[in-house]
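Taking it in order: structure first as structure tokens, then the write-up.
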Amino acid sequence: MPSKSVLTCAELLMDKKLYIAFAESATGGRLSAEFSLVPHCGQTLKGGIACYDAKIKQDILGVSKELIDKYTPESAEVTKDLAEKLGSFIPSDIQVAVTGLTMPGGSETPEKPVGTMFIHAIVNGEPIAVREVYKGSAEDIVLQTVERAAQLITDKLND
């Protein structure tokens, strides 16, 4: 069963007749999976692309190697580019991209520790970007990111 935040967000999307799509790196498809568990999700969920590897970000979604090399695959800049490019692959009203560090072995630094997650959403053409640092296991970090993304979209739609 999806969380209350995901249910609330999906129901709001359905009420407003809006479609959503995801480009997911660190969450590995979990956002898409959570939204797919909502009853009647086909009324709002268009789909998602799991682009965990930097090469997939480049080859499938068209993020430039230069952008990845300059900012790292787990960065606000790459996340923004993923969200901006997603709509041309999956037509939707809302595009959400996520990158980040759920465990050691990526581009972590003291300024960008494990637990740092980037969410970039484009809601009816308006961008929203957040950077959060979560604690816990990799799964805890992913679930907290799913919650934050759902809340971010809900808040924007209720503005």
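Quick note: the coordinates plus some simple rules give every number you see, no bench work behind them. What you see is a predicted model; the values in this text were computed from it and never measured. Using ideal geometry, Cβ is built from the backbone for each residue, glycine included, and neighbour counts are taken over all protein chains shown.
FRET efficiency for Q151 and S36, Cβ-Cβ distance as r, R0 = 22 Å, nearest 0.05?
Taking R0 as 22 Å, the efficiency between Q151 and S36 is 0.75.
Treating only the Cβ atoms of Lys and Arg (+1) and Asp and Glu (-1) as charged, compute the dipole magnitude of the chain about its Cα centre; round to the nearest 20 debye. Could you put the intermediate results ahead of the total?
Working: 16 positive and 22 negative charges, 36 e Å.
The calculation lands at about 180 debye.
What percent of all Cα-Cα pairs in the range 44-136 falls into each 10 Å bin, going from 0 up to the bin containing the maximum distance?
Spelled out bin by bin, the range 44-136 gives 17, 50, 29, 4 percent.
Working from Cα positions, state the angle (0 to 90°, nearest 10) between the long axis of helix 138-158 and the longest principal axis of the chain.
50 degrees
Along the Cα-to-Cβ line of M1, 7 Å from the Cα, sits a label point; which residues in the range 16-48 have backbone N less than 11 Å from it?
Under cut-off, by backbone N: nothing.
Using +1 at the Cβ of each Lys and Arg and -1 at the Cβ of each Asp and Glu in the range 4-158, identify which of P104, C9, S137 lies farthest towards the dipole's positive end.
C9
Rounded to two decimals, what is Rg over Rh for the range 4-158 when you use alpha-carbon atoms and the Kirkwood radius?
Numbers: Rg = 14.4 Å, Rh = 15.2 Å.
Answer for the range 4-158: 0.95.
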